[in-house]
1. Going through the range A:639-657 one residue at a time, which ones are part of a strand (DSSP E or B) and of a type in the set (D, E, K, R)?
2. The conditions are (1) surrounded by fewer than 24 Cβ atoms within 10 Å (Cβ to Cβ); (2) under 27 Å from A:MET412 (Cβ atoms); (3) more than 7 Å from every other protein chain (Cβ to nearest Cβ); (4) modelled with pLDDT of 95 or more, and C:GLY384 fails exactly one of them. Which is it?
3. When both residues are 6+ apart or on different chains and their Cβ atoms are under 7 Å apart, which pairs have a first residue that lies in the range A:445-470 and is outside the structural domain of A:GLY216 (by TED's automatic domain parsing) and in contact (Cβ under 8 Å) with a residue 40 or more places away in the chain, and a second that is part of a helix (DSSP H, G or I) and of a type in the set (Ser, Thr, Tyr)?
4. Test each condition in (1) within 10 Å of chain A (Cβ to nearest Cβ); (2) over 29 Å from A:GLU515 (Cα atoms); (3) assigned to a loop (DSSP other than H, G, I, E, B); (4) of a type outside the set (Gly, Ala, Ser) for C:ASN203 and report the one that comes out false.
5. Those residues that are of a type in the set (Val, Ile, Thr), within 14 Å of chain C (Cβ to nearest Cβ) and surrounded by fewer than 24 Cβ atoms within 10 Å (Cβ to Cβ), I need them from the range A:677-713; list them, please.
6. Within the range A:254-287, can you find the residues that are over 24 Å from A:ALA461 (Cα atoms) and either part of a loop (DSSP other than H, G, I, E, B) or within 14 Å of chain B (Cβ to nearest Cβ) (or both)?
7. Determine whether the range A:132-150 contains at least one residue that is at pLDDT 95 or above, part of a loop (DSSP other than H, G, I, E, B), surrounded by fewer than 24 Cβ atoms within 10 Å (Cβ to Cβ) and outside the structural domain of A:GLY73 (by TED's automatic domain parsing).
8. Inside the range A:117-162, can you point out the residues that are at the interface with another protein chain (Cβ under 8 Å from one of its Cβ atoms), of a type in the set (Val, Ile, Thr) and touching a residue at least 12 places away in the same chain (Cβ under 8 Å)?
Amino acid sequence: MRLDGKGQIDRNSPVSFSFDGRRYQGFAGDTLASALLAHDVRLVARSFKYHRPRGVLTAGSEEPNALVTVGQGAAQDPNIRATTLELFDGLEARSQNRWPSLEWDLLALNDLGAPFLGAGFYYKTFMWPRAFWEKLYEPVIRRAAGLGALSGQHNADTYERAHAHCDLLVIGAGPAGLMAAKLAADSGADVILCDEDTRTGGRLNADTQEIDGLPGALWAEEITAELAAMENVRIMTRTTVTGAYDGGTYGALERLPHAVASRKGAPKETFWRIVAGQAVLAAGALERPVAFRNNDRPGIMMASAVRAYVNRWAVSPGRAVTLFGNTDSIHRTAADLIDAGVHVAALIDARPDATCDLDLRFYPGGQVCDSAGRKGLEAISIATPSGIDKIQTDCLAMSGGWNPSVHLTCHMNGRPVWNPEIAAFVPQPGMVPGLTAAGACNGQFSTHQCLTDGLTAATTALQALGRRAAALKSPRAEDTPYAITPLWSVPGKGRAWLDFQNDVTVKDVKQAATENFRSVEHMKRYTTQGMATDQGKSSNTAALAVLADATGRSIPGTGTTTFRPPYVPTAIAAMGAHAQGTGFAPQRFTTSHRASLDAGAPMIEAGLWYRPSVFPAPGETHWRQSCDREVGMVRNAVGVCDVSTLGKIDIQGPDAAKLLDFVYTNRFSSLKPGRCRYGLMLREDGHVMDDGTTARLGEHHYVMTTTTAAAAQVMRHLEFTHQALHPEWDVSLISVTEQWAQFAVAGPKSRDLLNGLLDKPLSNDNFPFMACGPASIKGTKARLFRISFSGEQAYEIAVPARFGDSLFRQLVARAETLDGGAYGMEALNVLRIEKGFLTHAELHGRTTAFDLGMARMISDAKDCIGKTAAQRPGLTDPDREQLVGLKPVGAIKQLTAGAHLFTAGDAPTRENAQGYVTSVAFSPTLGHFMGLAFVQRGPARLGEVITLVDHLRGITTRVEICDPVFFDQDGGRARG
Amino acid sequence: MRIICPHCGARDRREFTYQGDAVALERPAPDAGGAAWDDYLHNRENPAGVTRDLWYHEQGCGAWLVVTRNTVTHAVLTTDLAATVREGLA
Amino acid sequence: MRFSGLRVLKEGLTGNTGWTPHWRDPEPKSDYDVIIIGGGGHGLSTAYYLARNHGITNVAVLEKGYVGGGNVGRNTTIVRANYFLPGNSEFYSHSLKLWEGLEHDLNYNVMHSQRGLINLFHSDGQRDAFARRGNAMINQGDDAVLLDREGVRKHLPYLDFDNTRFPVYGGLLHPRGGTARHDAVAWGYARGADTRGVDLIQNCEVTGIDIENGTVKGVQTTRGTIRAKKVAMVVAGRSGQVAAMAGMRLPIESHILQAFVTEGIKPVINHVVSFGMGHFYISQSDKGGLVFGGDLDFYASYAQRGNLPMMEHVMEAGMTLMPMIGKAKVLRSWGGVMDMSPDGSPVIDKTDIGGLFLNCGWNYGGFKAVPASGWATAHLIATGTPHDTAAGFRLDRFRTGRGLMDEEGTGSQHNLH
């Protein structure tokens, strides 16, 4: 029910929303949880396993129960915590994991079967009959499991990622964080202050203590205003720091308020990467429940949450509230309730020596041992020395003490230590380098302690940053000592919940111990304790205590609790922002891209590049028609192809030749200026890394081409060879792949074409096969290479990239006048297979120069990278699979890449495999399919007919092993 | 993780490409024998603690670096240019 | 105690008071026939098969923490037999067959679920490479189906087929691929080994390996000296440190592989989907969490935790491939320490030291290998000869270059596999 005259809600701004189809009204400043509680809606969810009715437990991001689904269609967003969901006009929320309705949930039957569904029951059954696991049991379990549902539609919302840097990151803007931020800011440091709440203040918003004579929330507002006015401070509310990573890096999730996020193009959430010189963790503490029989009913909640609802949201979660616990939190809550005019039915303080100065029914040393009310709390039972008392109540506020929020300090494998005085784990200094804990998360629970600890932590951080701390005094505040008598679970029959969402009870933990899952990790994994969406924030410590008790060990002797990032569940869309669609990887476009599109060429991905597959002529409906025509064009006239994607590395210096001799198997020092040579490059382990032609443009100047795929790898390799192996060599390297647009002009009419364009005409004599040199086109500087990947007379002409588009269009236009034209990747592939030239289909990282028939390219006269390892016996074994060609001789004339090869008559099994097909194409030149393959002792088996088997495509046929060069074996056409 | 490039200062780890143990700087002579080459190519100290490994500032200045680092804590201790380290070995 | 539905029923009716420990916690004896260092998946399965297949039960498994606490408890639970190189093919094929009978063999429901694995491809070249792989799988006797784009769409209609950086050309479906409940595998083997008399010694860290005259004599531990005729090092993630106690240097570099799980959501992904171009793979657990991962963090590490660059990259891959998972929220991320070998394939072999055996180098393929690895390691320990299915996993293959199994073709770089 809503209370009068209190809270931080704006009663002048009513907000309309719905839950499970029913419309309600709340106020700006409400969360969904506070607004529902204001309407006395207590049943809001069902638990994971037993589908028990559940209500709101907390008032923060640690909420295990009150998860809802928000939105429709692609915007459907499951598992949203009602306790942090800001109310906005038109919000539609609905409950989840129930059928047919929240009130009447069929799977609540599970609760009746609970005796059979205890810890680890599924490991012990569902095994008979064998096929039933996948056909029956598992599908049923899968359907029952899970909480909310994804829409199944592509994400349609905007998410962002952003980066920030600061001297000091302060995580948490409660009293400790505010003081730390203020001191650091006053000291001149660049400060980022993050808090996951919509406003700063932390617990000050939920409690009634004063600071320096001001209500705590007001004090927080004032200091926040001061900070906000400083240029060196950035305050980020609604921002949860999710993880601590190396080098002072923190992940943080910012949720934008609906009013902002609903604007066109605005993000819903932003995932930040914050790099901080130092950090202060002031994340506060979380109150923990007490386990007792049926402690999970709607209406049973944390005492601190009840205070928050009363003081901040002006909502009483009940009309007759009872309180139970072992700290002063329940007394404080009772006082606030009474102050707000709410009836307090009883206060049960488990501490036998407890006293109470409030006018209410008081049970010192009492324990709540049961509760009643199926869909909402109706009564509790209290164990007293004189027997069981039953009290009618619709809300029980409980407190089992406080757990410091040590989570971030654990993210780098540090383990917190047990502090018996507060019966909780506290961080140790140095668990995350550069991060200092302060305030409640450091085990300092009074407001005064929080304020001073914030100052201390900031001073430490400033020292580490090499800054002198400004003078700042801690304001006056309450300093009540924290007194707790540990109470983890109330003894007795029945089920007492530890992990509310996953339905892990005290019994489950005890059973795990009985079954010898005594290690904390074993117990957690066996019972699923702490594996729910809250990562055990409110339950891990109690579960550990129960395990310690069950195994006769102390809590620190039993183990510790640890946490992994992210602190709160974080949407994949936020952390992976910008990647949806084509944003996942850069797109690289050649200078002929536009012209290729203009020509109607379908573009295909080649690594990060896009290249044309074919250039369809009018009337062509299948890529093969275009490809066959383009191949014929190159063989008979002239074709033009953009080869700019090949890596180009400019190598200059007196020792350039030495470097090339060392990275290539063959010699380049002997290459004359003005000439090109094919080179083979090995990895140091003796396998082929890459191949390509390198041109010597001058005495000390080479330009290397690499394959498209290996361009970056080869560049890295060359730099490594130079810097890490031979820094004494005087040589410089630079990638010029994108600086030069380069086009192959191939075919018998290639020279004719170029001669119409170049300023100086070419002849076979003045520019023979494998020549290279400068050229010019209407005064524009170009480079010309007489190299051929098609086996035809061919040139590659390179111009500075800004002329690429123009040159490509001119080359194609001129080719067309010579019965030629542009050709794409398909034709390029056919042309190279006809010639037995290699690509990464053959150079796939497992092949050697020996396998490729290129063993002789490894110069005997010099060392090179990979030479020694290439001589290992296993790499020169004559039984290795070696490169051959294949021709169809069976009834089926089609060959397929990826097929395996077998000696005729052998069964197609692994043991019998003789090799495999790497590349195939239909050769319009030869009129049949051809393939490249690796076959054991292949070159010795030319002429042998073997069997090709492609199980996947249902092809079995006979093929003849032949030379891998199918066309123009003496290479005369390229030289002509 | 952030790596301090001697040329460029502290930079995000994603500017760098990792190579492996800095033993790669100590390439054996071609005739050093199978065991020496096996050690160079394959066998590693692989310490749980301080190690020296090679990083390439690929998205930055293009320098190969020898980074002294802790494999358990991920602390980056020192960085040197591989060329300098290599010259020291020669 | 034999587990069954009836037993669960009976216990449920009698207050669940009759359950007994899954395994004992014995004090270490002074002497064993075989000591297995490492109580992870591979160590436990080795112990189990030593007892089950060879009748060798005077065996201790020494575990420095708790059993199943290493990579078997921190992986993405994928079980598959889709390797294509000889040496790997027969081994993983054997492993999958063992998986298919594991529940009944162990009397423990490891929730092996053959929901089908699809490897997507995004170019003609990749299709050819996957065709080679699929044909090799069928040669081996396993199953594979080459799907075209429409075939993939039938299985995975939720992928972004229209607006994505690397359009789907097709996929290789491995119908028998799937997942299992990782912890249950460790516990099932532990329980099975214990039942057959094997001593599982937890919280017992090996600090030295005793070798006399080139023969192993036992180990030093934090719980005293334990003698043994044979010792097997089965400690992937820490192989280098343990082998160093025997004076060995291994072809291993340790790397971090991160994995992620989301909050539970209703069933939406029914297969295991692998997106090689983005180094991304995903499945959905029976509890409802999306379980997914990516590539190594790419630096030698023992930290069991990763950093944001790879984490963000994995999320990006997910968003470009299947943007419907955007609103699934990552609940937990963690890292496992991978034994990365130069060719990406493992080692199961004797060492030069008499009686000392080595099982290491599982890269990121260790989970699915657990049954066959234990089977083969037990065989090697018991008989002194490698098992037929693991004969290729020799330690000297790097020195000789014979029988390298470089499935990814990246060569002798531990971190590139």
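The values are calculated or read from the model by the stated rules, or taken from the named source; none is laboratory data. In this text the structure is predicted, and so the values were computed from the model without any measurement. Neighbour counts are summed over all protein chains in view; Cβ atoms, including those assigned to glycine, are modelled from backbone coordinates with ideal geometry.
1. Step one: filter the range A:639-657 for residues part of a strand (DSSP E or B), giving A:639-642, A:647-652.
Passing the criteria: A:ASP642, A:LYS648, A:ASP650.
2. Looking at each condition in turn, C:GLY384 falls short on (2).
3. Every condition considered, the pairs that remain are A:ALA469/A:THR459.
4. Failing condition for C:ASN203: (2).
5. First, pick out the residues of the range A:677-713 that are of a type in the set (Val, Ile, Thr): A:688, A:693-694, A:703, A:705-708.
From what is left, the residues that are within 14 Å of chain C (Cβ to nearest Cβ) are A:688, A:707-708.
Matches in the range A:677-713: A:THR707, A:THR708.
6. Taking the range A:254-287 and keeping what is over 24 Å from A:ALA461 (Cα atoms), we get A:254-271, A:286-287.
Across the range A:254-287, the qualifying residues are A:LEU256, A:PRO257, A:SER262, A:ARG263, A:LYS264, A:GLY265, A:ALA266, A:PRO267, A:LYS268.
7. yes
8. Within the range A:117-162, A:ILE141 is the sole residue that qualifies.
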